[in-house]
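Notes follow the structure.
The values are calculated or read from the model by the stated rules, or taken from the named source; none is laboratory data. Everything numeric in this text was worked out from a predicted model, so none of it was measured. A quick note on method: Cβ atoms are made from the backbone with ideal geometry, for glycine too, and the neighbour counts reach across all protein chains shown. Only protein heavy atoms, including side chains, enter the accessible area calculation; ligands, DNA and RNA are left aside. Shrake-Rupley method; radii C 1.70, N 1.55, O 1.52, S 1.80 Å.
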Amino acid sequence: MDREQWRPFLKRWSEEWITAHDPENDQPLDEAVVRDRWLGFAPATEEEIAAAEGRLGVRFPPSLREFLAVTSGWRDAGEFIYRLAGPAELGWLRDVDSFWIDSFGAAFDAGRDEDEDESSTAMLSRALQLSTDGDCAVMFLDPRDVSADGEWAAYWLASWSGEGPERFDSFYDLMHGQYKSFHALNHPAGETRDQWDAKVEQARLDSLGGDVDGPLAVLEEAGEYGRDRARLLRFQMQAMLGEWRTLSDVVIFPRDRSRLLHGPLFAAELLPLLFAEDRLTGNGHGLFTLDWLMENDIEDAGLLIAEYQAQLREPGFRLSYGNPEFDAAVRAIADGPAENRWPALRDAMRLWQPRTDDHIAPVVLFADPVLAEIITEDRGREILSMPRGRQ
């Protein structure tokens, strides 16, 4: 990335950071940040960058050099890195802050696979430290892990994360990852959020039109930016493909959980799945999400769960699979001969309609063990490949 790409990216980040700032709960912004609407500093000169390279005996990777030519350091690179170094502050981790090597190198090496090339201690010992202040977190580059275009592998590490260093292909990729994390945690208003919301809506339409892999990729990245709608839509596609790991996440972690829990999609599609969570996920955690909602008294969830449990006890209770035409067809399929179920279900999909604008697949089918058994991963992909909902 050259400086002409860095500048608009960092300017947008600055504007969104200032917009998201909460005076009542956040640390005050620097006067210069408010005045200039810029989280950075003055650009470093070529002489200052070259002097730092001479002092350290290396030539910096292209994305770091171009970054420094735009700003000599940076404030608030995400929620947990408070300051990035300018040229004069850059240094080897072993010299600047050996705490990370002494405290975490051996700990990471203890769980290292025997076939790994080298130890974490060795990598940390040669790392170039990028950050000067953080919430028990650090950013650094590995000068030995160099790509064909001269970029050094970049890392983010936090003592409280429970994970080892997180690798990125370059300094730019690391910064972009921090930017995504900022969005996921703060949901700032602005151009980035608006663009991803538009992409999510297009991915929804593309999915209903029968595209599978394209929407999955868009929704995954939108979820990394904290777009809850993307996570909910992607969960439905993943469920049809036999992937249930995010069932709990889409219920527990949305920013506006109350809206989800009291919306029609939760009661009609998600809640029945939560009563089958142990069977669907196979992770041995039982009905984890239901238990969590009840134990934490979340958004009147206990009342919703109790109402559904009462329905389950009613004589003759049957799930609703969707709009009346589709529901009637699916009930007949479930009651019919086993050998006819998949062809009949495939044909019935022409009758299916989404319940809401956040609904792209009939995931409630999996709440019925009889129907769940016939929808294999390949068949789930076939369903997703069909134009659905009058598309």
Note on region 236-259: residues part of a helix (DSSP H, G or I), out of contact with any Gly (no Cβ under 8 Å at 6 or more places or on another chain) and either farther than 18 Å from Phe275 by Cβ or of a type in the set (Phe, Trp, Tyr) (or both) are Met237, Gln238, Arg257, Ser258, Arg259
Taking region 41-71 and keeping only residues that are open to solvent by less than 50 Å² (accessible area, probe 1.4 Å) and among the β-branched types (Val, Ile, Thr), one is left with Ile49, Val58, Val70, Thr71
Picking from Arg37, Arg94, the residue that is under 30 Å from Ser161 (Cα atoms), open to solvent by 10 Å² or more (accessible area, probe 1.4 Å) and not small (Gly, Ala, Ser) would be Arg94
Yes or no: region 256-272 includes at least one residue that is in contact with a Phe, Trp or Tyr (Cβ under 7 Å, 6 or more places away or on another chain), buried (at least 21 other Cβ atoms within 10 Å of the Cβ) and farther than 25 Å from Leu185 by Cβ. yes
Listed by first then second residue, the pairs whose first member lies in region 244-262 and is over 14 Å from Leu280 (Cα atoms) and touching a residue at least 60 places away in the same chain (Cβ under 8 Å), whose partner is of a type outside the set (Lys, Arg) and open to solvent by 20 Å² or more (accessible area, probe 1.4 Å), with beta carbons under 8 Å and at least 6 positions apart or on separate chains, are Arg255/His187; Arg255/Asp228
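One line per residue, one yes/no per condition, for (1) charged (D, E, K, R); (2) closer than 28 Å to Ser147 by Cβ:
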{"residue": "Glu4", "(1), (2)": "yes, yes"}
{"residue": "Arg7", "(1), (2)": "yes, yes"}
{"residue": "Trp13", "(1), (2)": "no, yes"}
{"residue": "Asn25", "(1), (2)": "no, no"}
{"residue": "Leu29", "(1), (2)": "no, no"}
{"residue": "Arg37", "(1), (2)": "yes, no"}
{"residue": "Ala44", "(1), (2)": "no, yes"}
Those residues of region 359-384 which are surrounded by fewer than 19 Cβ atoms within 10 Å (Cβ to Cβ) and touching a residue at least 60 places away in the same chain (Cβ under 8 Å) amount to Pro369, Ala372, Thr376, Glu377, Arg381
Worksheet entry | Arg346 being open to solvent by 50 Å² or more (accessible area, probe 1.4 Å), touching a residue at least 12 places away in the same chain (Cβ under 8 Å) and in a loop (DSSP other than H, G, I, E, B) | no
Return yes when Asp22 is in contact with a strand residue (DSSP E or B) (Cβ under 9 Å, 6 or more places away or on another chain), open to solvent by 40 Å² or more (accessible area, probe 1.4 Å) and modelled with pLDDT under 95 and no when it is not. no
